[in-house]
Amino acid sequence: MNISKYIIPVLVLSTMFGGYFLRHAFTQPTTSAIFESSQSGGNLEDNLTLTCKVQGVKCKGTANFFTKLYTDIAGISTLETVASDHKAVFTYNPKVISPDDIRAIMEKPIRLNNGSTKQIFTCLEMK
Amino acid sequence: MKIRYLRWSLLTVVVGALTWMALGNGERSFEAYCPFGGIESLYGLFREGQFTCALGPLNLSMLVAILVLTLLAKKAFCSWVCPIGFLGELLSKIGIKIVPGKFQISESVNRWFKLLRYISLAAVLFFTYRTGELILRGYDPFYAIFSGMGHGTLGNVTILVMSLIAIGSLVIPMFFCRYLCPLGAALDPFSKLGLIKICRNEETCIECGECQTACPHGLAPQDTIFLRDSDCTNCLECVEACPEEETLNLKLKL
Ligand code: SF4
Ligand code: SF4
């Protein structure tokens with residue numbers, strides 16, 4: 001039996017949209033880091049949560065790199081990144097560090113191997 | 001409606017959407033939609049549980065979608081969605097108008113040249129898996145064009161490679177798709193199994209050869225009943241070119 005030639009565009013569109021929605025089936029890695037308690041400074045109960053949407057956190061490699069930026073920063077107790085949502089969640093001590101300071105750290109231009117500097121991460125949203 | 005206009009409209013929407021993303025709009029990079037990225041990611045995912053460089057879940061789900069599509073309708077992705085296939089087709093159409101004479105490539109040379117795309121696939125996978133980086137971006141027309149020769153391209157080397165591909169496409173229709181595309185090579189075994197095929201009615205066929213002339217890939221539906229060639233993209237150019245009603249059709253065939 002002959003099939004209508006319009007079956008081809010129908011199949012193309014349905015598989016492409018299907019593929020788009022199937023992306024949720026493949027989760028992207030989440031990294032989490034708990035920093036030294038001394039790094040948070042002060043009382044842990046005083047800590048707040050800050051969620052940032054970060055352009056540049058897109059895979060495990062960039063998420064690890066992002067996490068390293070905060071390894072020695074006083075006032076930050078934990079940092080979790082979710083690469084699939086380009087998201088970073090900080091718990092921080094507001095008496096030691098402010099959301100603007102946290103933002104400035106990620107947006108600071110980074111020196112590359114070839115000697116040039118480049119801003120890698122951009123905070124698109126803070127909550 | 002001519003099916004070609006429908007196909008070109010869909011391709012124009014794809015090119016428009018990718019350009020919009022490449023200009024920095026939308027949530028994701030244009031690279032996130034490339035199914036070949038799914039192939040490049042597999043090794044890193046199985047070994048280290050991480051996506052290679054800028055790739056992510058969407059690359060993988062698009063790869064799954066394209067494999068399903070190919071098992072159903074052969075390489076329909078290549079002629080209905082892929083922007084590089086579209087560009088190749090447009091360049092071939094320009095080539096027919098501006099390149100004097102008709103450049104003929106013999107069947108045996110064509111067959112040998114097609115092996116190049118397996119070398120291309122092997123090279124991309126080898127270097128990507130070895131380094132965990134997309135280090136062949138400089139040779140990838142999809143990336144070079146939509147990133148506007150962005151990060152990872154190789155300046156004059158990339159310009160030279162892109163120029164050679166463009167010249168090749170003017171002279172030999174679908175030059176990149178036929179001989180260099182690593183995704184096309186990866187899809188070959190799936191396309192061979194593709195269920196929906198071009199079928200020729202021997203009784204009404206007058207053997208005029210119009211179908212082969214119209215085929216961008218130089219395939220010859222007039223030499224067979226069911227076209228099983230893995231290069232068929234179900235673009236349906238042959239069906240529209242055939243002067244005999246109900247002679248070339250689509251049929252389900254294992
Ligand atoms: S164009 Fe139609 S009639 Fe002519 S050879 Fe091909 S199938 Fe036969
Ligand atoms: S055989 Fe027909 S459908 Fe297949 S690629 Fe050639 S023109 Fe397109």
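The values are calculated or read from the model by the stated rules, or taken from the named source; none is laboratory data. What you see is a predicted model, and the numbers here were worked out from it, not measured in a lab. With ideal geometry, Cβ positions are generated from the backbone for all residues, glycine too; neighbour counts draw on all protein chains shown. When the accessible area is computed, the model is the full protein with side chains, heavy atoms only, and any ligands, DNA or RNA have been set aside. Shrake-Rupley method; radii C 1.70, N 1.55, O 1.52, S 1.80 Å.
State the percentage of accessible surface on segment B:1-47 attributable to carbon and sulfur atoms; use a 1.4 Å probe and exclude ligands, DNA and RNA.
65
Just the number please: accessible area per residue for segment A:85-127, 1.4 Å probe, all protein chains included, in Å².
Accessible area per residue, segment A:85-127: 63 Å².
Beta carbons within 10 angstrom, averaged per residue: use that to sort the peptides B:28-41, B:134-147, highest first.
B:28-41, B:134-147
Hey, rough spin-label estimate for B:Ile3 and A:Asn2, points 7 angstrom out along Cα→Cβ, what's it come to in nanometres?
With each label point 7 Å from Cα toward Cβ, the separation is 1.1 nm.
Could you order the peptides B:189-199, A:98-108 from most to least packed, using the average number of other C-beta atoms within 10 Å per residue?
The most tightly packed comes first, giving B:189-199, A:98-108.
If you build the Cα gyration tensor of segment B:79-238 and take the root of 5 times each eigenvalue, what three semi-axes come out, in whole angstrom, biggest first?
Values for segment B:79-238, descending: 31, 19, 13 Å.
Chain pair A, B: how much accessible area is buried, both chains summed, with a 1.4 Å probe, in Å² to 100?
When A and B are taken together, about 2800 Å² of accessible area is lost.
Anyone know which of A:Leu112, A:Leu50, A:Leu79 comes out most mobile in the 10 Å Cα GNM of chain A?
Most flexible of the set in this elastic network: A:Leu112.
Leaving ligands, DNA and RNA out of it, report the carbon-plus-sulfur percent of the accessible area of segment B:195-252 at a 1.4 Å probe.
44
State in Å² the accessible area per residue of segment B:56-182; use a 1.4 Å probe, count heavy atoms of protein chains only, and round to the nearest integer.
Accessible area per residue: 48 Å².
For n ≥ 4 DSSP H runs only, could you compute -39500 (n - 2.57) per run for the protein assembly as shown, divide by its residues and tell me the 222 nm figure to the nearest 500?
Calculated at 222 nm, the ellipticity per residue is -14500 deg cm²/dmol.
Whole Å is fine, so just give me how far the alpha carbon centre of segment B:218-234 lies from that of segment B:166-183.
18
Return the carbon/sulfur percentage of the accessible area of chain A, one whole number, probe 1.4 Å, all protein chains in place.
57
Per residue of segment A:69-77, what does 6.51 cos²θ - 1.76 cosθ + 1.60 with θ = phi - 60° give for ³J(HN,Hα)? Whole Hz please, x for Gly and Pro, Karplus curve as stated.
Ordered by residue, 3J(HN,Hα) equals 4, 10, 4, 10, 9, 5, x, 10, 9 Hz.
Which whole number gives the average count of other chain Cβ atoms within 10 Å of the Cβ atoms across peptide B:63-70?
Partner-chain Cβ atoms within 10 Å, mean over residues of B:63-70: 5.
Report, please, the projected area of segment B:1-124 averaged over directions, based on the convex hull of its C-alpha atoms, in nm².
Average projection, Cα convex hull of segment B:1-124: 10.8 nm².
Per-residue mean of other chain beta-carbon atoms within 10 angstrom of the beta-carbon, peptide A:57-64?
Mean partner-chain Cβ count within 10 Å for A:57-64: 5.
Specify the residue with the greatest mean-square fluctuation among A:Phe65, A:Phe26, A:Phe90, computed from a Gaussian network of chain A linking alpha-carbon atoms under 10 Å apart.
Maximum among the listed residues: A:Phe26.
Taking the Cα atoms of the protein assembly as shown alone, what are Rg (to one decimal) and Dmax (as a whole number) in Å?
24.9, 89
Could you sort the peptides A:114-126, B:208-220, A:51-63 by per-residue average Cβ neighbour count (10 Å cutoff), highest mean leading?
A:51-63, B:208-220, A:114-126
Using square roots of five times the C-alpha gyration tensor eigenvalues, list the equivalent-ellipsoid semi-axes of chain A in whole Å, biggest first.
Sorted largest first and rounded, they come to 41, 18, 12 Å.
Could you tell me which helices of chain A pass both thresholds, a Cα extent of 18 Å or more along their own axis and a mean Kyte-Doolittle hydropathy of at least 1.0, with helices taken as whole DSSP H runs?
Helices meeting the criterion: A:7-22.
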